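Each remark here refers to the structure printed beneath this line.
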Amino acid sequence: MLTKLFKRKPVFEDNVNAEIEKYFSEYKKYINKIDNLLPSYKDVSYEMFYDILVRFFRKVYDLPASENHHHSERFGLFVHSLETCINALVAQHRKLELKFDGNGDLDSQFNLRNKEKILYRTAIHGLLHDAGKVFDMDIISKKKEIQWDNYDDNLLDFVLKNGDYDIRWHKERTGKHEKRNIIILWQMLETRDRQYLTAYNFIRLIDEFWGYDPVETTKELVKDADILSVQMDYEESLPKTENKEEVYEIIEAFSASIAEMSDKRMLAINENFSDLIVLDTITLIVNPGTMQKILGYMKKHYQLKTTREHVVKLMRDKNIILETDTGKTFIHALITLPGSAKNFKLNFVIIKNKYVWGCNKPENFKGKVEIPDFDIEEGNTKAEFKENTDNKKFDTETFRENMTPQKKLYEYIKTEKPKKFDIFLKALALTLETESSLKNIERIKIDNQEYVVIGYKEGFKEIAEHTGVFDIKDDEKEQNKAIHGFINSLYDGGHTAKFKEFEEKPLIPVKGKKEYEKAILVFKDSIISKPN
């Protein structure tokens, strides 16, 4: 009689615990790393986080992290979440070791006072950064045809009761999980977690999940950790050495997949909701939606697993797709449908037609296409693409000196693989080389500390005009997003001044040769430490 009072029978809970122990033992290397990266008095931090891990595993169990992209195997979401958590904690440890106070000095008191709380917050953010993906799919049991309640129920419990399942991925799901992560955050945290974080860190954790830009943010840090996990998964899936035959096999499979999918009417061409837009000499492939469709087809029909980033890199190296002077391969275009006066902007990968269609090229798109990066409008695809056909030997130093700031920044990004704040500092250094023409950027000295003042937002736009660090042709919302991303990254990296009279905020009023209502002060030493 007593067992009827429980929601689940004790024997069921024993089965749940046995399954958790089995897979926690299998993924022990990840869990041990997290233990080592969460130091606290009497190990309180890790013990509490371990309970969150258990709840999270029980919720997502063996779900993949994506349909055809990274970590698409069983338990992919759990492994990807652990990897991102570890990568974020490692980065946060480095950042906290370099925490600066308002005078630009290392703030050891901050580390002692708040370090374990910030690490705990970082671990939660890293673990749950993709948790909203549970709402990107429907789970249907194979035997009983019962659907999993992805809000109220745990997948592990569902599988133990109903057996194996099929996944039906939702269409038009891209990016939605980011807004839904907070639902799982609320389910995973208990009162003691919120109390341990303190109000300061808990509020900032909520801000980060909602997409706000608080003063202390781990958003960019977790994003970098996420990307690193994706790269790790991809590299593990590749052979140790990638020979020419394998490169051409991937490229040929990609091109063949486009043609085959088009013949089978699996891709919409030149329609209102197109996957492909065909012009005279180029075809625009919608990114990321259509790119992911093609990669899924490649995986199924050619047994080739790759990523958008990798296949684009291979095609860029072979000059098969278009690339801007600053190295962009994911390119915006303005599309106006036939008979319409309104246009809309989409992101594309642009491939040259001779590598796709052969003699079977579809008719050209009847509407209007504008690609600002290449001065292409409507059917004018005869823009000049710069290729070095000169076989003469030339002086490398002279060549570099004659490079545009955009090219120099691109070369720096390509060769150094820098962090976000490094990219901006390099762009700032290149911009300062043309100092005489700058109106919203200047050098200044405060209390014997040298800074560079960058006016908000015009100073950032000047840097973008000189170096292409972000696209000034984007709308105001996209530009603001880029500017705030750089400000947060500079702030978190300890490269901006923080004054207590301004509550250590990065944007402050500054009086130099002109008065700035809002500006940031970048340490001069941060700029001169960047390579030329």
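Extending 7 Å from the Cα toward the beta-carbon at both Lys477 and Thr434 defines two label points whose distance is 3.0 nm.
Ranked by the mean number of other Cβ atoms within 10 Å of their residues, highest first, the peptides 460-472, 184-196 fall in the order 460-472, 184-196.
The modelled label-to-label distance for the pair Ala199/Glu411, using points 7 Å beyond Cα in the direction of Cβ, is 5.4 nm. Relative protection proxy for 65-76, 124-135, from highest mean packing down: 124-135, 65-76 (other beta-carbon atoms within 10 angstrom).
Remark: the Cα gyration tensor places the range 42-97 in the oblate category, a/c being 1.5 or greater and a/b not exceeding b/c.
So for each of 263-275, 341-353, 321-333 I average, over its residues, the number of other beta carbons within 10 Å; can you give me the resulting order with the highest mean first?
Highest to lowest by the protection proxy: 321-333, 341-353, 263-275.
Too long at a 29 Å Cα-Cα cut-off: which of Lys117/Lys524; Lys219/Lys345; Lys328/Lys419?
Lys117/Lys524
In the context of the full set of protein chains, the range 17-97 has a per residue accessible area of 40 Å² (1.4 Å probe). Between the C-alpha center of the range 26-42 and that of the range 125-185 there is a gap of 26 Å.
Among Lys143/Lys299; Lys29/Lys179; Lys457/Lys505; Lys28/Lys59, which pairs are too far apart, with a Cα-Cα distance over 23 Å?
Details: Lys143/Lys299 27 Å; Lys29/Lys179 30 Å; Lys457/Lys505 16 Å; Lys28/Lys59 19 Å.
Pairs exceeding 23 Å: Lys143/Lys299; Lys29/Lys179.
Counting Lys and Arg as +1 and Asp and Glu as -1 over every other residue whose Cβ lies under 11 Å from the Cβ of Lys144, the net charge comes to +1.
For the pair Lys361 and Ile206 in one chain, pulling the backbone fully straight at 0.36 nm per residue adds 50.8 nm over the alpha carbon distance.
Comparing Cα centroids, the range 348-377 and the range 470-526 end up 39 angstrom apart. Stretched out straight at 0.36 nm per residue, the stretch from Glu309 to Lys328 would grow longer than its current Cα-Cα span by 5.7 nm. Each residue, Lys500 and Ile446, gets one label point 7 Å from its Cα in the Cβ direction; the gap between the two is 1.5 nm.
Paramagnetic label reach from Gln147 (point 7 Å along Cα→Cβ; backbone nitrogen cut-off under 15 Å): within the range 49-64, no residues. Classify the range 161-200 as rounded, prolate or oblate from the Cα gyration tensor: take a ≥ b ≥ c as the square roots of its eigenvalues, call it rounded if a/c is under 1.5, otherwise prolate when a/b beats b/c and oblate if not. It is oblate, given that a/c is not under 1.5 and a/b is not larger than b/c.
The values are calculated or read from the model by the stated rules, or taken from the named source; none is laboratory data. Note that the structure is a prediction, hence the values are computed from the model and not measured. So basically every Cβ, Gly included, is an ideal-geometry build from the backbone, and we count neighbours across all protein chains shown. What goes into the accessible areas is simple: the full protein's heavy atoms, side chains included, and nothing from ligands, DNA or RNA. Shrake-Rupley method; radii C 1.70, N 1.55, O 1.52, S 1.80 Å.
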